Amino acid sequence: MPSYQARVFYPDGVKTQRVDAPDRQSVAAVLGVAPQHVLAVEELSADATDLNPGRQGAGMLGRKAGQKLGRKRFPLQLFSQELAVLLDAGISLLEALTTLREKEASEPVRAALDGVIANIEQGRPLSVAMREQPQAFDELVCAIVAANERTGQLSAALAQHAKYLAWVESLRARLIAACVYPVMLLAVGSAVILFLLLFVLPRFAGILDGLGNDLPWASRVLIRFGQTAGSQPLAVVFGLGLLALGCVGLWRHPGLRERVQASMWTLPGLGPRLRVLALARLYRSLAMLLASGVPVLASLRIVQDVVAAPWRPAVAAAAAQIERGERLSEALEAHDLATPVARRMVRVGERSGEVAAMLERAAAFHDEEAVRLTELLTRAINPALMLIMGVLIGGIIVLMYLPIFQLVEQVQ
């Protein structure tokens, strides 16, 4: 009797099990689970070790693709969209993947597709082949493919996934565009301040050094800095460079970034809008998974890595509550994961059996928050930054010229 390795959904999570069954269709019956809970089935060799040269080649292709792809982002949105179009046109899965591979110009992306094609040629399902390429395909798309590849709805699910990624990218682009002006303002203001401190101030320091303690303390500190910058400019530049590198290193630290993100959510005006946008992404991810046939509990555990970091403990707690048999609306409300609109829509969806559609509508309702957030950045944060930079630059100039005014008074 052949042996199979199956990925099976259980209430406590997705598990990988080895099972002996007459054929693939009998795996669910042997395990005693519903057929839709078997996410993937892979045939094993008789000694439970994968000695098939073709599979070894597929694994080597996967590792090679992972090394080549590196930090380059796999064009997942374009891949989902184009594969859905080819499948809708009646092209077979293997031929569609080969077509996408042939048109691809990027060598790392071609290598990732080679790994998927090699697994498909060995008879593995698409979801299993995609999971062999974790550098290119996340668990969200793998779960969607696994839930739809047996039902003939793969192209529709991929098209929906492409729309979801387009929405995420549009939201990101809108927020980045809103942050361009503040970043430029900070860069120009910082350049002006450095010019005053490193070029203008050292010349004033030599002139005003003789005034001694008659100067205000702030002016004395500024003049001492100017003297240091004038005598050792390279050391000052090197120190500022180290400070900038230290700030970048701290920002790249995941723990610090999560704390900064959590603190931003507590800011008045900005925080509530950021929370609503994060919840809108949660609702869209859940709606897409539920519409694909993924159970609620498995969907919550999958989206736990998709939502913003401050929401992840709440999503995990909501999943645990659903595992105890409670409804989705109750779990979301208990852990502050439901806005008033989403809470009522999910309740209606539970009564009508259309939870996925109601979650999608709730997400669409909150899309307006992105527009309000960009308006907040334009109307509130930009003037505040201009005021701060103006005060800093003006304060440095006043402290530089204040000793000159005192000197003129002494001469008169």
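The values are calculated or read from the model by the stated rules, or taken from the named source; none is laboratory data. Computed from a prediction, not measured in an experiment: that's the story for all the values here. Methodologically, a virtual Cβ is constructed for each residue, glycine included, from the backbone with ideal geometry; neighbour enumeration extends over all protein chains shown. The protein model used for the area step is the full one, side chains on, heavy atoms only, and it has no ligands, DNA or RNA in it. Shrake-Rupley method; radii C 1.70, N 1.55, O 1.52, S 1.80 Å.
Every residue, every condition in (1) crowded, with 21+ Cβ neighbours inside 10 Å; (2) touching a Cys at 6+ places or on another chain (Cβ under 7 Å); (3) assigned to a helix (DSSP H, G or I); (4) in contact (Cβ under 8 Å) with a residue 60 or more places away in the chain, yes or no:
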position	(1), (2), (3), (4)
Phe137	yes, no, no, yes
Cys142	yes, no, yes, no
Ser155	no, no, yes, yes
Ala173	no, no, yes, no
Tyr181	no, no, yes, yes
Ala191	no, no, yes, no
Pro202	no, no, yes, no
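Going through region 231-245 one residue at a time, which ones are at pLDDT below 80 and open to solvent by 40 Å² or more (accessible area, probe 1.4 Å)? The answer is Ser231, Gln232, Pro233, Leu234, Ala235, Val237, Leu240.
Comparison of Val248, Val221 shows that the only residue that is at pLDDT 75 or above, under 20 Å from Ala191 (Cβ atoms) and β-branched (Val, Ile, Thr) is Val248.
Among residues belonging to region 253-292 that are of a type in the set (D, E, K, R) and within 16 Å of the chain's Cα centre (by Cα), point out the one that is nearest to Gly349 (Cα to Cα).
Arg284
The set of residues from region 338-382 being within 20 Å of Ala314 (Cα to Cα) and among the basic types (Lys, Arg) comprises Arg343, Arg344, Arg347. Going residue by residue through region 94-105, is there one that turns out to be free of Cβ contacts under 8 Å to residues at least 40 places away in the same chain and not in a helix (DSSP H, G or I)? Yes.
Contact annotation: no residue pair with Cβ atoms under 6 Å, 6 or more positions apart or on different chains, pairs a residue in region 237-249 that is within 16 Å of Gln227 (Cα to Cα) with a partner that is open to solvent by less than 80 Å² (accessible area, probe 1.4 Å) and not in a helix (DSSP H, G or I). Residue count for region 244-294 under the criterion of being closer than 30 Å to Leu39 by Cα and either of a type in the set (Lys, Arg) or in a helix (DSSP H, G or I) (or both): the result is 14.
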